[in-house]
Amino acid sequence: MNSEMKRQSSRDAESERLRLVIEAAPNAMLMTDAAGRIVMVNSQAEKLFGYERRELLGQPVEILVPQAARGHHHGYREGFARAPAARPMGAGRDLHGLRKDGSEVPIEIGLNPLTMPDGRYVLASVIDITARLNAEKMQRALQAAELRESILDNLPFSVISTDPSGIIVSANPAAEHLLGYNRHELVGRSVLILHDREELRRRAQELLLARGAAVSADFQVIVAASSRGADEREWTYVRKDGKRVPVNIAMTAMRDESGQVNGYLKVAYDITQRKEAETLIRHIAHHDALTGLPNRALLMDRLDMAIHQARRHGQHLAVLMLDLDHFKRINDTLGHLVGDRLLLGLAQRMQSALREVDTLARLGGDEFVVVLTEVERRESVVPAFDRLMQAITAPLTVDGHELAVTASIGAALYPEDGDDATALIKNADTAMYQAKAAGRNGVRWFTASMYEQIRERMGLGSALTRALRAERLKLHYQPELTLHDGRIVGMEALARWSDEVLGVIGPERFIPVAEESGLILELGEWVLRRACRDCAALRRALGRPLTVAVNVSPRQLQSKEWPQGVAQALADSGLPPQGLELELTEGTLMENPEQSAEILRAVRRLGVGVVIDDFGTGYSSLSYLTRFPIDKIKIDRAFVRDLLTDATDAAVVGAIIAMARSLGIRVVAEGIESERQWRHLLGRGCDQGQGYFFGVAVAADEFAARAREIERWSCSGDGAAESVPRALDAG
Ligand code: C2E
Ligand code: MG
Ligand code: MG
């Protein structure tokens, strides 16, 4: 054997050995030469690719690569052949082999470069990964199903799947919980058993209107409605126990591969709480928190509706603006809690005094509005006025306090006094202010002339301001006498205004205007300084002590600087404090009792006297007489007027005098117009008096002369208490 033959045979033996090794390998193996031709395959490779060995040998390896991946394979092989060591062995999972029958098989490939004496080769080991991929896929599917299941089980939403006709296929635990059915009771039945039939009918109707086409099958109503706006997703589920639950439902159509709907997924959640919250918020937005009555917003809605209805039926309606009188006092003296309870109690009583069709609303504070509907004519609401007033004025016990309350009511009638809600309320309000101005505790119908009065007041305000600043206001003085001897001991300062254009305007007209505008502070200060100056001068002229009484308005008493102003007026005029008396009404005191008491104590420390004016007309409780520092009370002229003709008035006057004396408080009677009144009051023990019988108010420069003239006939010679003054004898 020559060496060439020997080499040949040893090469053959080597390749035979390689062939055997390859054949024995558990997976498909094939070897290609440097040109990519298959030079060796094992039987596993035959099986994998479906070729016979001889069909593969000598073929380019590409025949085993699917058409789509050939370019990639080619490039890969080229690169690998060029620099095999630099190339990573093996390839990705997405590789596929091409079988003889044209089918593809997922494979994994390991590539090994081999350098043999006759050239370079590549040994490829190919693994069929079909089974592994299937297993993985299965695993994933299993996991997904499990996940789905557990998500469904734990989802807080009710999830029900149905077939295309609405028959329930599955339901999750949340659905069971929400509906009170268990899964087995649900599966196989129509979802319609969960729905409110009435609601379904209504929705079908709406859909019909919206689409113009009938939606016949009930289940299709749910499907169709759920695909519309968000509002349409709200439904009512009926539980097994019959209870209704508001739910929000989202419907999703499930489709098979061909796009055909093969069922629905109905996801629902309970919106009871949201609904309740919405209802609550709506209620809060439309009702007053304290009384639960409609508030202004709801009142306006109702009033609009009532007006609509009245217009249609040719009826009237009445709007009543109702304001409690002096409610602030109750709040201030007894506290807000008592005030709140009083409001609540009154609201309940008023409500029950009204009919179902009427509306009682609270605008805030102590302001209420009543809308009386189906009114025939103006007079027909009178009984309602009476019932309301009775409801308010009947005593009410709150926390042990028996409270007597009155109210002022302004009324406006539709359509005469206004034909829309705003006008009616505004006019009722105007009428209510007139009711207050007319002495409270009463009802006033709106009249067009009220606006004139208001306009007049406004005009009066600016004219008054000008008059005060131009010093065109005057002070007149009415003498005050001791009744037993007819001597003039004092005088009351009364403001007078004679306007060039408007003529003489009485204080009962301009004082309220000044109080409303705040001008009263300036006016009050002017009166105080002027009165002190005039009184000091008159004392000098008459050569004896004389007091001047100055009327004080509520606003003045609210000001902490006011006592300082009083002291200043005294100092500037030289009038001793004993020469000044300050007159306040009961109402003024009670407007802010705590502060009033404090300020009165301050002026009294100066030595100034405090007088309660118009006594008997205001607050019915006398307890404040002991709470405030009071020197004197002035019995209102209304009692004096009817003293001789009205037994009740006589009794009241007698009681006032007796009570005041027992408290060491002096008593003055105002409005004495006859000698008999004088005699009567003197007999009852009244200390002082003033009135037209003695003299009207006159200017300061006339006062001294007038005073002497009066005393000439009013004074008895000896001034003895028992003896009737001479003037009476003469009269
Ligand atoms: P008042 O303080 O009760 O004053 C007494 C009123 O009775 C005065 O009316 C007086 O003219 C009137 N009068 C006096 N004697 C008689 C009588 O015999 N018969 C009748 N029928 N009336 C008599 P006037 O001056 O019209 O004052 C009305 C009210 O105006 C006063 O009532 C007082 O509340 C208020 N006022 C007057 N001047 C002032 C002032 O300077 N400041 C304040 N804040 N109020 C004042
Ligand atoms: Mg007075
Ligand atoms: Mg008076």
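Evaluate the following for ILE599: is it modelled with pLDDT under 95, within 16 Å of ligand 2 (Cβ to nearest atom), outside the structural domain of LEU334 (by TED's automatic domain parsing) and closer than 28 Å to LEU546 by Cβ?
No.
Tally the residues that are over 13 Å from THR465 (Cα atoms) and surrounded by 17 or more Cβ atoms within 10 Å (Cβ to Cβ), restricting the search to the range 498-518.
Adding up the residues that qualify gives 1.
Please tell me if LEU570 is away from ligand 3 (no atom under 16 Å from the Cβ), within 43 Å of the chain's Cα centre (by Cα), more than 22 Å from ALA658 (Cα to Cα) and hydrophobic (A, V, I, L, M, F, W, C).
no
Among the residues of the range 667-678, which ones are within 16 Å of ligand 3 (Cβ to nearest atom) and assigned to a loop (DSSP other than H, G, I, E, B)?
GLU670, GLY671, ILE672, GLU673
Being within 16 Å of ligand 3 (Cβ to nearest atom) and more than 57 Å from the chain's Cα centre (by Cα) is the requirement here; does LEU681 meet it?
yes
Which numbered condition trips up GLN564, out of (1) assigned to a strand (DSSP E or B); (2) exposed (fewer than 15 other Cβ atoms within 10 Å of the Cβ)?
(1)
Looking only at the range 568-576, decide whether some residue is exposed (fewer than 15 other Cβ atoms within 10 Å of the Cβ), away from ligand 1 (no atom under 13 Å from the Cβ) and modelled with pLDDT under 95.
No, because not a single residue in the range 568-576 is exposed (fewer than 15 other Cβ atoms within 10 Å of the Cβ), away from ligand 1 (no atom under 13 Å from the Cβ) and modelled with pLDDT under 95.
Identify all residues within the range 684-698 that are more than 20 Å from ILE630 (Cβ to Cβ) and either within 54 Å of the chain's Cα centre (by Cα) or of a type outside the set (Ser, Thr, Tyr) (or both); write none if there are none.
Listed by number, the residues that qualify are GLY691, PHE693, PHE694, GLY695, VAL696, ALA697, VAL698.
Identify, please: which residue in the range 1-27 is over 23 Å from GLY119 (Cβ atoms) and in the same structural domain as GLU104 (by TED's automatic domain parsing) and is, among those, surrounded by the most Cβ atoms within 10 Å (Cβ to Cβ)?
ASN27
So is VAL653 among the hydrophobic types (A, V, I, L, M, F, W, C), closer than 30 Å to GLU402 by Cβ and either in the same structural domain as GLU711 (by TED's automatic domain parsing) or in a helix (DSSP H, G or I) (or both) or not?
Against the criterion (among the hydrophobic types (A, V, I, L, M, F, W, C), closer than 30 Å to GLU402 by Cβ and either in the same structural domain as GLU711 (by TED's automatic domain parsing) or in a helix (DSSP H, G or I) (or both)), VAL653 qualifies.
Take the residues in the range 617-634 that are within 43 Å of the chain's Cα centre (by Cα) and in a loop (DSSP other than H, G, I, E, B); name whichever of them is modelled with the lowest pLDDT.
SER620
Where in the range 350-416 are there strands (runs of 3 or more DSSP E), lying wholly inside it, with at least 3 residues that are surrounded by fewer than 21 Cβ atoms within 10 Å (Cβ to Cβ) and modelled with pLDDT of 95 or more?
none
If I go through the range 444-476 residue by residue, how many of them are assigned to a strand (DSSP E or B) and in contact with a Gly (Cβ under 9 Å, 6 or more places away or on another chain)?
Within the range 444-476, residues that are assigned to a strand (DSSP E or B) and in contact with a Gly (Cβ under 9 Å, 6 or more places away or on another chain) number 2.
Could you give me the residue pairs with C-beta distances under 9 Å whose first residue belongs to the range 532-555 and is surrounded by fewer than 17 Cβ atoms within 10 Å (Cβ to Cβ), whose second residue is of a type in the set (Lys, Arg) and assigned to a helix (DSSP H, G or I) wherever it lies, and which are 6+ apart or on separate chains?
Once the first residue is surrounded by fewer than 17 Cβ atoms within 10 Å (Cβ to Cβ) and sits in the range 532-555, its partners that are of a type in the set (Lys, Arg) and assigned to a helix (DSSP H, G or I) give LEU542/ARG708; PRO545/ARG539.
If you go through the range 314-343, how many residues are assigned to a helix (DSSP H, G or I) and not charged (D, E, K, R)?
Of the residues in the range 314-343, 11 are assigned to a helix (DSSP H, G or I) and not charged (D, E, K, R).
Return the residues of the range 575-605 that are assigned to a helix (DSSP H, G or I), within 16 Å of ligand 3 (Cβ to nearest atom) and among the aliphatic types (A, V, I, L, M); say none if nothing qualifies.
Result: LEU589, single match.
Can you list residue pairs whose Cβ atoms sit under 7 Å apart, with the first residue in the range 664-681 being over 28 Å from THR626 (Cα atoms) and in the same structural domain as TYR477 (by TED's automatic domain parsing) and the second being hydroxyl-bearing (Ser, Thr, Tyr) and more than 16 Å from ligand 3 (Cβ to nearest atom)? Count only pairs 6 or more apart in sequence or on different chains.
Here the result reads none, with nothing in the range 664-681 linked to a residue that is hydroxyl-bearing (Ser, Thr, Tyr) and more than 16 Å from ligand 3 (Cβ to nearest atom).
Each row is one residue, and each column tells you yes or no for (1) more than 16 Å from ligand 3 (Cβ to nearest atom); (2) among the aromatic types (Phe, Trp, Tyr); (3) within 29 Å of VAL370 (Cα to Cα); (4) touching a residue at least 40 places away in the same chain (Cβ under 8 Å).
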residue: ALA431; (1), (2), (3), (4): yes, no, yes, yes
residue: GLN434; (1), (2), (3), (4): yes, no, yes, no
residue: LEU468; (1), (2), (3), (4): yes, no, no, yes
residue: LYS474; (1), (2), (3), (4): yes, no, no, yes
residue: GLN478; (1), (2), (3), (4): no, no, no, yes
residue: LEU483; (1), (2), (3), (4): yes, no, no, yes
residue: ARG487; (1), (2), (3), (4): yes, no, no, yes
residue: GLU492; (1), (2), (3), (4): no, no, no, yes
residue: GLU500; (1), (2), (3), (4): yes, no, no, no
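Among the residues of the range 546-554, are any under 19 Å from LYS632 (Cα atoms), modelled with pLDDT of 95 or more and more than 16 Å from ligand 1 (Cβ to nearest atom)?
Yes - at least one qualifying residue is present in the range 546-554.
The values are calculated or read from the model by the stated rules, or taken from the named source; none is laboratory data. This is a predicted model, so every value here is computed, not measured. Note that we place each Cβ from the backbone using ideal geometry, even for glycine, and neighbour counts take in every protein chain shown.
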